[in-house]
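Remarks on the structure that follows.
The values are calculated or read from the model by the stated rules, or taken from the named source; none is laboratory data. Worth saying up front: this structure is predicted, and the values here are computed from it rather than measured. Note that each Cβ is placed from the backbone with ideal geometry, even for glycine, and that neighbours are counted across all protein chains shown. What goes into the accessible areas is simple: the full protein's heavy atoms, side chains included, and nothing from ligands, DNA or RNA. Shrake-Rupley method; radii C 1.70, N 1.55, O 1.52, S 1.80 Å.
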Amino acid sequence: MKKTLFFAAVAALLCAFACTKEVDEFVPQPQSLHKVFTAVISSPATRTSLDLSDGSIGWEYGDEITVTDALSNTAIYTCTDASAGTFEYSSGDDLGDGPYSATYGEAPAFAQTYSTTQGRLPMTAESSSEVLTFTVTCGLLRVNIKADGIAIKSVAVSDGSDTYTLTSTDPVTTSATGTPFYIAVPAGSYTAFAITDDEDRFCTKKIQEGKSFSVAANTIQGISFADPAFGPKYLCFTAEEDGSTVGMAINGTLSSVPSLEYCTDKISWNPFIIGSTIVTLTNAGDKVYFRNSGTADSFSESSKYAYFVLTGKVAASGNVMSLLDKTCQATAVPQYAFLKLFQNCSSLTKAPDLPATTLAPACYDRMFLHCSSLPEAPELPATTLDKLCYEQMFSYCTSLIEAPELLATSLSYRCYKQMFYCCTSLIEAPELPATSLAEDCYKQMFSFCTSLTKAPELPATSLANHCYEEMFKRCNNLSYVKCLATNISASSCLTNWLNGVASSGTFVKKTSMNDWPSGDSGIPSGWTVEDAN
């Protein structure tokens, strides 16, 4: 059960605290029309007026309490006689019979400097009469985050069954020297806390089995959180329509099935059984997070693979590497690791982060094949590629409009083959900066991309076997190509590379290159030829 800033009964009663000091600010109503309450401060107490002679705490003129009767009528009462603890009506409903519930004070802001000597933690009272005995039932958990530039939007703490969450509409940005966050919770023992930033990246801290940390009433319990990386950014799925579901299935028989966990509250993790567990996201905006329960090498073994099954409308976010490494520290993707992981997920509207910089053979092969609702590809930071690593990665992503930047300058066999095959909505191709090519590296890369009008510049001067074969086949609106190749002798390097393009266009070549053939496997007939500057 989730709870609000304090606990549900208190939150319903607590109003914003305003401590008035000027005598002329309070004008009590006629006593004949309203009840008069006598309030007593019990131990533990919270600060109002501190008597420096003996250290005792008492009421101060102008202190306010909120009182609710048995019929949920609520009124504000103000202290008119501090020594007697007399509170008279100030505003709100006329109160009837008890039992009465009353609250005093307020919790600190989302993030601020705070101490028990300067603030007023909530006190509560329950009474059947008009004598109210107040006591503090909550303490403060102080979470200090030392991380540079992280925008925190929520802090949650759990006692194993209930979760208390503090949320801000305006995220608070942390500093490397430390930013404290305070959350008021009922006095008791707690087993875990979670912190979430404005990108829904979150960190959890669980106490050892059988242990806990305690928060006493009217005290501050500090916990330090000093991870500069701010903890794992787990793979997350967010429902974009009610009733969306997330499951997984296996094609073939894997010799080792990865062990996964999932959670929806960012604290309590549950086993996720591939092929059995299905998570239903009841409402749009609901989230589910995934991580490996230990470590794993891969979700696939060539023709055998585990893959997600989604229904409804679902956006992914977070680090896909959490499926292999729960710490999300891994930067190398093993061979076949995510082969066909989201294949045929027509419900997927956003891809997760793919931050790995070291790729193994076929690691992303057909990863998003037939993801027909995906409009944008994730960033691909790797600069050195291995064979088949991106082969058919986004093939038949017919809604894909924006391609990722391709930074690699060292290519490998079939690394980009059919990467954007039949991406009919792709309007701009990514730059291809590599000047040293590999066999089949760009084969059919943009075939049937019918919205492309301009090819990326092709700076390589020497081609490799089959490297451009059918690269732009049936791109029927393509009308501009700049290719600086001067050695086109490699086997089938240009076979049908411009078959079915626009009937007229511009082809830019090296001034010194005069050996270009004409037609589908060279410069299209009817195109204007220009020399590069």
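Could you check SER479 against (1) over 15 Å from ILE427 (Cα atoms); (2) open to solvent by 20 Å² or more (accessible area, probe 1.4 Å) and say which number it fails?
(1)
Rundown of residues vs (1) small (Gly, Ala, Ser); (2) out of contact with any His (no Cβ under 8 Å at 6 or more places or on another chain); (3) farther than 17 Å from SER302 by Cβ, yes/no style:
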position: ASP325; (1), (2), (3): no, yes, yes
position: PRO334; (1), (2), (3): no, yes, no
position: ALA337; (1), (2), (3): yes, yes, no
position: GLN343; (1), (2), (3): no, no, no
position: SER347; (1), (2), (3): yes, yes, yes
position: LYS350; (1), (2), (3): no, yes, yes
position: ARG366; (1), (2), (3): no, yes, no
position: GLU379; (1), (2), (3): no, yes, yes
position: TYR396; (1), (2), (3): no, no, yes
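Regarding segment 158-169, can at least one residue be identified that is outside any strand (DSSP E or B), without any contact (Cβ under 8 Å) to a residue 60 or more places away in the chain, acidic (Asp, Glu) and farther than 20 Å from ILE220 by Cα?
Checked against the condition, which is being outside any strand (DSSP E or B), without any contact (Cβ under 8 Å) to a residue 60 or more places away in the chain, acidic (Asp, Glu) and farther than 20 Å from ILE220 by Cα, segment 158-169 yields no hits at all.
Could you check how many residues of segment 496-519 are farther than 14 Å from ASN477 by Cβ, of a type in the set (Val, Ile, Thr) and under 45 Å from the mean Cα position of the chain (by Cα)?
1
Out of TRP527, TRP497, I need the residue that is buried (at least 22 other Cβ atoms within 10 Å of the Cβ) and farther than 19 Å from ALA408 by Cβ. Which one?
Going through TRP527, TRP497 in turn, just one is buried (at least 22 other Cβ atoms within 10 Å of the Cβ) and farther than 19 Å from ALA408 by Cβ: TRP497.
With respect to GLU457, determine if the residue is open to solvent by 40 Å² or more (accessible area, probe 1.4 Å), among the charged types (D, E, K, R) and either under 35 Å from the mean Cα position of the chain (by Cα) or farther than 24 Å from CYS345 by Cβ (or both).
It is true that GLU457 is open to solvent by 40 Å² or more (accessible area, probe 1.4 Å), among the charged types (D, E, K, R) and either under 35 Å from the mean Cα position of the chain (by Cα) or farther than 24 Å from CYS345 by Cβ (or both).
Given the conditions (1) out of contact with any strand residue (DSSP E or B) (no Cβ under 9 Å at 6 or more places or on another chain); (2) within 23 Å of THR383 (Cβ to Cβ), report the number of the one that VAL333 does not fulfil.
Checking VAL333 against (1) out of contact with any strand residue (DSSP E or B) (no Cβ under 9 Å at 6 or more places or on another chain); (2) within 23 Å of THR383 (Cβ to Cβ), the one that fails is (1).
Residue by residue, here is whether (1) open to solvent by 40 Å² or more (accessible area, probe 1.4 Å); (2) at pLDDT 90 or above; (3) more than 20 Å from SER129 (Cβ to Cβ) holds:
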| residue | (1), (2), (3) |
| --- | --- |
| SER42 | yes, no, no |
| ALA45 | no, no, yes |
| THR48 | no, no, yes |
| LEU52 | yes, no, yes |
| SER56 | yes, no, yes |
| ILE65 | no, yes, no |
| ASP69 | no, yes, no |
| GLY92 | yes, yes, no |
| LEU95 | no, yes, no |
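Checking the structure you have, find out if any residue of segment 107-128 is open to solvent by less than 10 Å² (accessible area, probe 1.4 Å), at pLDDT 75 or above, more than 30 Å from THR264 (Cα to Cα) and β-branched (Val, Ile, Thr).
no
Evaluate the following for PRO186: is it open to solvent by 10 Å² or more (accessible area, probe 1.4 Å) and in contact (Cβ under 8 Å) with a residue 40 or more places away in the chain?
Against the criterion (open to solvent by 10 Å² or more (accessible area, probe 1.4 Å) and in contact (Cβ under 8 Å) with a residue 40 or more places away in the chain), PRO186 qualifies.
Within segment 334-350, identify whether any single residue is under 14 Å from TYR234 (Cα atoms) and of a type outside the set (D, E, K, R), and answer yes or no.
No, because not a single residue in segment 334-350 is under 14 Å from TYR234 (Cα atoms) and of a type outside the set (D, E, K, R).
Does segment 30-39 contain at least one residue that is out of contact with any Pro (no Cβ under 7 Å at 6 or more places or on another chain), part of a helix (DSSP H, G or I) and at pLDDT below 50?
Yes, segment 30-39 contains a residue that is out of contact with any Pro (no Cβ under 7 Å at 6 or more places or on another chain), part of a helix (DSSP H, G or I) and at pLDDT below 50.
Which of (1) modelled with pLDDT of 75 or more; (2) assigned to a loop (DSSP other than H, G, I, E, B); (3) open to solvent by 20 Å² or more (accessible area, probe 1.4 Å) is the odd one out, the single condition PRO258 does not satisfy?
Unmet condition: (3).
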